[in-house]
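I have placed the structure first, in the form of structure tokens, so that the comments after it can refer back to it.
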Amino acid sequence: MQSWEQRPLEYANLLNPAFCSIMLHNAIKGYQNEKKQGMPYPLLFLVLPLVLHNSTRNALPKKIVTKLHIWLQRHPEARVGFGDRTSNLVLYTKEALGFGMQIGIINICDDGKFTWVNGKLKPISAVSWSSDTEPAICYKKAEFIGRWLAQAGEVSTIDD
């Protein structure tokens, strides 16, 4: 990962740790609200590749009842480049996770799972993202992805 000063402006804007930690926070919130437990560490690395890639984000199902494996069968294009995107975003995910923990919007539990911290993050309207902007859409999709992953089965079957 390049130092902050050496990052191209587009990367610095899209992949800044504050924005990405908000995406992780919201995914953890969705997961925790659905599953009633913290989000496992490996699943955190699926959030940014699914949320930040426009084509994948737009192809996501509308409801969490659509099973992940069925969606992947119906949208094989979502798998194209997904491994590379995921690998390329590992360091950004770690950076965002560390940032979120440092500012107190993400917590790690004794069991190694991650929880969101309520009340630390202002509501989305306070961030001044209108509902039709890309950051607001990513924000909503991050929560959906958390809820969806909570219904997807065991971590070991999702990672395969």
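Scanning segment 112-143 for residues that are surrounded by fewer than 11 Cβ atoms within 10 Å (Cβ to Cβ) and within 17 Å of residue 29 (Cα to Cα), which turns out modelled with the highest pLDDT? That would be 112.
Of the set (1) at pLDDT 85 or above; (2) basic (Lys, Arg); (3) farther than 22 Å from residue 17 by Cβ, all apply to residue 79 but (1).
Of the residues in segment 68-85, none is more than 13 Å from residue 142 (Cβ to Cβ), within 11 Å of the chain's Cα centre (by Cα) and surrounded by 14 or more Cβ atoms within 10 Å (Cβ to Cβ). Pairs please, first residue from segment 51-77 and more than 26 Å from residue 15 (Cα to Cα), second anywhere and of a type in the set (S, T, N, Q) and exposed (fewer than 12 other Cβ atoms within 10 Å of the Cβ), Cβ atoms under 6 Å, 6+ apart in sequence or on different chains. Within 6 Å, no pair qualifies. In segment 44-67, what residues are among the hydrophobic types (A, V, I, L, M, F, W, C), farther than 15 Å from residue 142 by Cβ and surrounded by 13 or more Cβ atoms within 10 Å (Cβ to Cβ)? Selection gives 59 alone. Looking only at residues in segment 144-160 that are loosely packed, with under 15 Cβ neighbours inside 10 Å and either touching a Pro at 6+ places or on another chain (Cβ under 8 Å) or part of a helix (DSSP H, G or I) (or both), the one that is modelled with the highest pLDDT is 155.
The values are calculated or read from the model by the stated rules, or taken from the named source; none is laboratory data. No experiment lies behind these values; they were computed from the predicted model shown. Cβ coordinates were reconstructed from backbone atoms using ideal geometry, including for glycine residues, and neighbour counts include every protein chain displayed.
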